[in-house]
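The values are calculated or read from the model by the stated rules, or taken from the named source; none is laboratory data. Quick caveat, the model's predicted, so the values are computed rather than measured. A quick note on method: Cβ atoms are made from the backbone with ideal geometry, for glycine too, and the neighbour counts reach across all protein chains shown.
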Amino acid sequence: MYLAMPFEDARLEQLLSEKHQYLSQEDAGVNTNGGKLNQDLLHEIFLLYYQQEDFSPDKMNDFSLEEIPHYLKLSHRYYLHKKLPEIEQSILHVLDKDPGSTNLYTSLVCFFNAYKNNLIEHIRLEEQELFPYIQSLFTGTINGGRFMTSDNNFTIQNFIQSHLPIEDELKKVSEIIHHWSKHSVLPLPYKIFLNQVEIFEVELRMHGIIEDAVLVPMAIELEKKGNFFTKKSD
Ligand SMILES: [Fe+2]
Ligand SMILES: [Fe+2]
């Protein structure tokens with residue numbers, strides 16, 4: 001319970017309530033292959049947003065390697081189909097309220113176009129390579145099978161090295177605004193926009209923690225347990 005919420009917590013509360021609603025709706029509407037969104041998992045993940053210093057990945061061990069990627073996929077949809085379009089809408093709103101800011105507008109549009117492409121590629125790698133690989137590990141364990149890494153040379157170790165914190169880039173947005181803005185005190189539409197970007201940054205950081213500190217170690221554990229890896233030299 002968070003009875004006396006500081007401002008930061010109030011913003012998080014709003015974010016999590018909106019996210020909960022979006023993910024639950026998506027979960028009900030998409031082909032989930034039988035894997036429904038686990039509300040207990042969602043609850044544990046949301047606690048992380050408030051208590052990062054107390055976060056222990058072990059708490060997630062009760063959840064399966066199907067449930068966690070399912071949550072992550074729904075979150076990807078939330079970013080691409082809700083959060084990014086909202087941010088793009090806010091950029092338009094800034095220009096609308098401050099028509100002289102065309103340089104700023106152009107810079108922000110360029111930045112977010114590039115950012116969106118990076119995010120799409122980041123998500124593609126996870127959804128088309130990491131998650132199917134983990135799914136194979138998981139299925140292999142159930143069937144007592146032996147998993148082969150034959151097709152695309154995907155390895156968890158390579159993934160770890162290439163999985164960069166995509167939210168760090170977003171810090172540039174504030175620099176862009178302060179560079180191009182002619183105002184000594186930022187008008188309200190700019191503040192609202194920056195607030196949105198800041199919240200998105202927090203959201204992506206938490207998402208990355210679930211991937212790096214929960215999902216990947218669980219997958220590595222499963223590899224070891226099942227002795228699934230067949231080295232190329234075998
Ligand atoms: Fe992701
Ligand atoms: Fe990621």
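Numerical summary
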quantity: Within the stretch 40-75, considering residues that are of a type in the set (A, V, I, L, M, F, W, C) and within 17 Å of L137 (Cα to Cα), the one nearest to the chain's Cα centre (by Cα); calculated: I68
quantity: Residue identified as more than 22 Å from E175 (Cα to Cα) and exposed (fewer than 15 other Cβ atoms within 10 Å of the Cβ) among K82, K73, K97; calculated: K82
quantity: Given (1) modelled with pLDDT of 90 or more; (2) on the phi > 0 side of the Ramachandran plot, number of the condition L84 does not satisfy; calculated: (2)
quantity: Search result, residues across the stretch 10-50 that are modelled with pLDDT under 85, exposed (fewer than 14 other Cβ atoms within 10 Å of the Cβ) and in a helix (DSSP H, G or I); calculated: A10, G29
quantity: Of all residues in the stretch 184-216 being within 13 Å of L104 (Cβ to Cβ) and free of Cβ contacts under 8 Å to residues at least 24 places away in the same chain, the one that is farthest from the chain's Cα centre (by Cα); calculated: L186
quantity: Hey, N117 away from ligand 2 (no atom under 14 Å from the Cβ), surrounded by fewer than 12 Cβ atoms within 10 Å (Cβ to Cβ) and at pLDDT 85 or above or not; calculated: yes
quantity: Matching residues, the stretch 164-183, being over 12 Å from L108 (Cα atoms) and either in contact with an Asp or Glu (Cβ under 6 Å, 6 or more places away or on another chain) or surrounded by fewer than 17 Cβ atoms within 10 Å (Cβ to Cβ) (or both); calculated: L164, P165, E167, D168, E169, K171, K182, H183
quantity: Residue satisfying all of: in the stretch 120-160; among the polar types (S, T, N, Q), surrounded by 12 or more Cβ atoms within 10 Å (Cβ to Cβ) and outside any helix (DSSP H, G or I); modelled with the lowest pLDDT among these; calculated: T149
quantity: Residue in the stretch 62-104 that is nearest to ligand 1 (Cβ to nearest atom), counting only those that are among the polar types (S, T, N, Q) and not in a helix (DSSP H, G or I); calculated: S64
